[in-house]
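Reviewing the structure listed below.
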Amino acid sequence: MIELVNVKKVFNAGNPSEFSALNSVNLLIEENQVTVLKGPSGSGKTTLLSIVGCMSRPSAGRVKLQGREITSLPERFLTDIRRKTFGFIFQQPNLIKGISVLDNVMLPAYPLGEKRVHLKNKAMKGLAALNIANKAASKVEWLSGGEAQRASIVRALINDPYIIIADEPTAHLDTKLSYRFMEIIETFKAEGKTVIITSHDPLVYDSSMVDRVVNLRDGQIEV
Amino acid sequence: MRHWIEKQRYIIDFTLSSLLRRKVKNVGLLALYTLIVFILASTMFFTYSIKKEASLILKDSPEIVVQKIVAGRHDLFPVSYIDTIKKIRGVASVESRLWGYYYDSLVGANYTLLTPPRNGSFTDTGKSTAKTTVIDNESTDSSKPLFELNGAVLEPGTLIIGNGIARLRAIGTGDYMPFLAFDGNVLNFKITGVLSSQSELVSSDLMLITGEDFRKLFGIDNSYVTDVTVIVNNPEEIAMVASKIKKRLPQARPIIRDEILRTYDSVFNWRGGMMIVIFSAAVLAFVIFAWDKASGLSAGERREIGILKAVGWETSDVIQMKFWEGAIISLTAFFTGVILAYIHVFFTGSIVFEPALKGWSNLYPNFKLTPFINLEQLTTLFFLTVVPYTVATIVPIWRAATIDPDSAMRFTGE
Amino acid sequence: MILHPTVIANLLAAYISSFMVLYALFYGVQILKYWDIENGHELQLVLERKTYLISTLLGYVFGLQLLSLFLYIFTADSLTPLFVGSMCAAGTLNVDAFGYPTLVLKIVNFIVAGLWLVLNYADNQGYDYPLIKKKYLLLAIIAPFIVLETILESAYFLSMKADVITSCCGSLFSSERTTGLGSEMAALPALTMQRIFYGVMFCTLASGIFFYIKGLGGYFYAASSLLMFLVSLVSIVSFISLYIYELPTHHCPFCIIMEEYHYLGYLLYSLLFGAVVSGIGIAALSPFRQVESLKHMLNGFIRKLALASLILYAAFTALVTYEIVTSSLVIAYEVVY
């Protein structure tokens, strides 16, 4: 489903501060599985995740999505694919302060120009599924940590993506909320979605629903 | 197409809320922007409408004015010249004028004394002598009388004065005003009327006097007048007649009305242009300020754009958002500035500019300018304010829009 | 020089345009040299980001060119009181040798900038930026023309001298200057031109519809629409203006954008310019129909351009016909003036 062949990522090329985040990574991510990328900080997890999620391009190597080569697609097309295919859940909820939860959730769909009524319905349904429909009109500053996390999950789902990417999702959550989060991941798997998570939280990578754990160290995959 | 419209609506929504979220920064920018538009617009409105007033007034001035020049200076015009001019083919009539300046040391002001046409001067066109207002029947613009007598009658020993003089010397109808004649005698004149305030722009310092009194006051012999006006039958022949006058009367200087109109136009243009050039320093400062504001994204703004890019907004979407931001601010500032300038110039009589315009003048007229704005002025304003602002913000906008999407991923703490 | 605020606005717009184009060209040259879509290195990413800047800049330049084209005419018209014998913009443009060349260049630049935007749009639809090198080559060709236009415009305004009283001896040069600045324009005979106008328009619309339906003859239609553009301009001077002004001698093509004629000229010229840009756009894009990454959309886009061009020309013709029919002027026979 997602294939990385000999992928390298270099920052500040040609400068004294040249730094190689990923060195010759070969990876195949299977469909409808929960894959966890594990590794210490500085191992290149976030970089790998951003390349897998079509957020950035590799310096060398090839990336294929569903068999289609996307390595050298210009940003315009990459973004279009990313919008429809991937849903991102960040470490921080990363909601935009000052606007309501509903507006935040609808944000990723704005560039697609869908009719407002439809979009609103979709958003409300998503909020209801995660039990925060009553907070739709509140400003995001008023949400608790768990509610904010759930709002950002609804936002990630607004365009019906079939791949979910989560970057250290439990880093700022307590145990109870972390378990709740993993339950949500389980429902994704049941719906046929593919999930990719980076984490160094044992609660995540030791979980029973995880199909595969990939160990990353110094920009390379440990076998 | 529908998608595109819907998308613009979403983006505008988001832009508006984003502007309101950063009130402090945006209000400052808006205020400065409005100020710049206000200053430039006031200058333009003022210049253009004065230019228009001048041209309306001058429209009815005589086609040719002939003066006598001696050693480069304006000398008294011999009455004997009039016959020479009358003989030129194409001349309909010649009228002599008596006018001059009187300096009043009491208040330090210069008055213009004028004998109203056909009142004690040489003429033999037997036209009615009662008419003293000059009205252009065909023009749809409001007529601009040089002066309106309001029914007052000018008799020997009396004066009709302009509003400015009345205010300055605090005198009105029925009062007496002493003048120092050329031979040292004091002549007392009675004020029998005050000119209407409608024509104040041109008649503020004007005094109407009979021909005999004029000659008595200034010691001018009957064989001289100040200058003459010439009316020509066929407008196409004006230049021809003027050159003939010059040929037959070498010391005469004919001045053609159109030339005056062009010169006035030119002077006003130049004045208006000068002010714009001076204010260009202010515009430049504003543009640099705008550029700086647009470039200086706060950490919060940077994060916001990172989030937008991360959740699926493209660079061109962010550019569109920033474009709407600029457009909303520009349009608000432009319209507010123009409206304020309109009120300033046409309702308050350019209060802010008054000290600069008044200068040394003691007889400053209280005038209400007729509002005159057209598309040309607004377009010029647009080009001088909105265009520089927009261009200055292009590169900062692009820089903001090309923030990496994965910066949102890398942001790990508050 | 005549320091009129509107003149300043014109020159400012021209200098800003030139500056933006040269700035864009600077980066465009970089792109021409180093562009390599396959490469994932940082330079390539930087270049890709730069293309957004260049597109935005040129979009603004295009808008500015259109506005400043109209502002130029406006300025010429507002300066007429300053010159003897000049009755409207047509006369003012004649005041020195640079007035009309600047106008011609402005029109040409506007059309070419429009073409660039059409090309840019098509290029952005291809996943490998297939037209990028050609695009920036075109930019390199446009840039000197825009700079030339700015130079000519500056020369025009700077060498103007108002006919004003300059010394105390008055001036009677007004009697020396009697011709050369009037608004009489060389105009072809009205009735003949009318027949040519409708004839060529009919051919153009027919070939356009044929192209739209059958997909054949794109180049022919593009050439035809360019010809139609020129014929329309000549027609406006020759007979269309007569009907609008209801005066058999008033040929000026500029007065129709003035207030007295309800700003009709804006609509007329906008339709005409839109029609010719979309028409020529067809010829600009047709060579690339076989390009892999554009295959899926280019034909559809070209058809849309054709449709737009046809609609605009049709609307133009309708407007012209409406003016002729409702005008009080009737040209029953040709009179040579």
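Every read-out reported here was derived from the displayed coordinates using simple, explicitly stated rules and does not represent laboratory data. Only a predicted model underlies this, so the values are computations on that prediction, with no experimental measurement involved. So basically every Cβ, Gly included, is an ideal-geometry build from the backbone, and we count neighbours across all protein chains shown.
Over 31 Å apart at the Cα level, from the set B:Lys59/B:Lys247; B:Lys247/C:Lys161; B:Lys86/C:Lys161, are B:Lys86/C:Lys161.
Within the straight-line cut-off of under 23 Å between alpha carbons, the lysines reachable from B:Lys190 are B:Lys131, B:Lys216, sequence neighbours fewer than 8 places apart in one chain being disregarded. Only DSSP H runs of four or more residues enter the estimate; each adds -39500 (n - 2.57), and after division by the residues of the protein assembly as shown the mean residue ellipticity at 222 nm equals -18000 deg cm²/dmol. Rounded to the nearest 20 debye, the dipole magnitude of the protein assembly as shown is 1240 debye, with +1 charges on Lys and Arg beta carbons, -1 on Asp and Glu beta carbons, and the Cα centre as origin. Can you find, among A:Ile51, C:Phe273, B:Asn163, the residue farthest towards the positive end of the dipole of the protein assembly as shown? Put +1 on the C-beta of Lys and Arg, -1 on that of Asp and Glu. Farthest towards the positive pole: A:Ile51. Close amide H pairs (under 5 Å, H built 1.01 Å from N) link A:Gln220 with A:Asn23, residues at least 5 positions away or on another chain.
How many Cβ atoms of partner chains, on average, are near each residue of B:370-381 if near means within 10 Å of its Cβ?
Values: counts 0, 0, 0, 0, 3, 6, 10, 3, 0, 8, 12, 3.
The per-residue average across the peptide is 4.
Taking the C-alpha atoms only, the angle from helix C:5-34 to the longest principal axis of chain C is near 20 degrees.
Need one value for A:54-62: mean number of C-beta atoms belonging to other chains within 10 Å of its residues' C-beta atoms.
Working: counts 1, 8, 6, 7, 2, 6, 3, 1, 1.
For this peptide, the per-residue mean of nearby foreign Cβ atoms is 4.
Per-residue 3J(HN,Hα) values for segment C:235-246, derived from phi via the Karplus relation 6.51 cos²θ - 1.76 cosθ + 1.60 with θ = phi - 60°, read 5, 4, 5, 6, 9, 4, 5, 4, 5, 6, 7, 6 Hz in sequence order (x marks Gly and Pro).
Just grab the label-to-label distance for A:Glu18 and B:His74, each label 7 Å out from Cα along the Cβ direction, in nm (one decimal). Distance between label points: 8.4 nm.
Rg/Rh for chain B (Cα atoms only, Rh after Kirkwood) is 1.18. Annotation: amide H-H contacts under 5 Å for B:Phe189 (H modelled 1.01 Å from N, sequence separation of 5 or more, or interchain): B:Met177, B:Phe179.
With +1 assigned to the C-beta of every Lys and Arg and -1 to the C-beta of every Asp and Glu, and no other charges, what is the dipole magnitude of chain B about the Cα centre in debye, to the nearest 20?
Numbers: 42 positive and 39 negative charges, 104 e Å.
For this selection, approximately 500 debye.
Remark: mean inter-chain Cβ contacts per residue of B:313-320 equal 6, using a 10 Å Cβ-Cβ cutoff to other protein chain atoms.
Sorting C:Val84, B:Val311, C:Val46 from the fewest to the most surrounding beta carbons within 10 angstrom yields C:Val46, C:Val84, B:Val311.
If neighbour count is taken as other Cβ atoms inside 10 Å, put C:Tyr136, C:Tyr322, C:Tyr127 in order from fewest to most.
On the way: C:Tyr136 23, C:Tyr322 11, C:Tyr127 19.
Neighbour counts put them in this order, fewest first: C:Tyr322, C:Tyr127, C:Tyr136.
Quick one: which of A:Lys64/A:Lys120; A:Lys135/A:Lys193; A:Lys84/B:Lys309; B:Lys23/B:Lys309; A:Lys8/C:Lys135; C:Lys106/C:Lys134 span more than 25 angstrom between C-alpha atoms? Please report the intermediate quantities before stating the final value.
Values: A:Lys64/A:Lys120 33 Å; A:Lys135/A:Lys193 27 Å; A:Lys84/B:Lys309 14 Å; B:Lys23/B:Lys309 23 Å; A:Lys8/C:Lys135 31 Å; C:Lys106/C:Lys134 23 Å.
Violating the 25 Å limit, Cα to Cα: A:Lys64/A:Lys120; A:Lys135/A:Lys193; A:Lys8/C:Lys135.
Quick check on the exposure proxy: order C:Glu260, B:Glu325 from fewest to most C-beta atoms within 10 angstrom.
On the way: C:Glu260 9, B:Glu325 21.
Least crowded to most crowded, the residues run C:Glu260, B:Glu325.
Of all DSSP-defined beta bridges confined to the protein assembly as shown, some 70% are antiparallel rather than parallel.
By the scheme Lys and Arg +1, Asp and Glu -1, what is the net charge of all other residues having a beta-carbon under 13 Å from that of C:Ser68?
Working: positive: C:Lys106; negative: C:Glu149, C:Glu153.
Value of the local net charge: -1.
Note that segment C:307-314 has calculated 3J(HN,Hα) couplings of 4, 4, 4, 4, 4, 5, 5, 5 Hz, one per residue in order, obtained from phi through the Karplus relation 6.51 cos²θ - 1.76 cosθ + 1.60 (θ = phi - 60°); glycine and proline are x. Between the Cα long axis of helix C:264-285 and the first principal axis of chain C there is an angle of about 30°, rounded to the nearest 10.
Order these peptides, C:89-98, C:275-284, C:298-307, C:26-35, by their mean beta-carbon neighbour count within 10 angstrom, highest first.
Numbers: C:89-98: 21.4, C:275-284: 24.5, C:298-307: 18.1, C:26-35: 15.7.
Output ranking for C:89-98, C:275-284, C:298-307, C:26-35: C:275-284, C:89-98, C:298-307, C:26-35.
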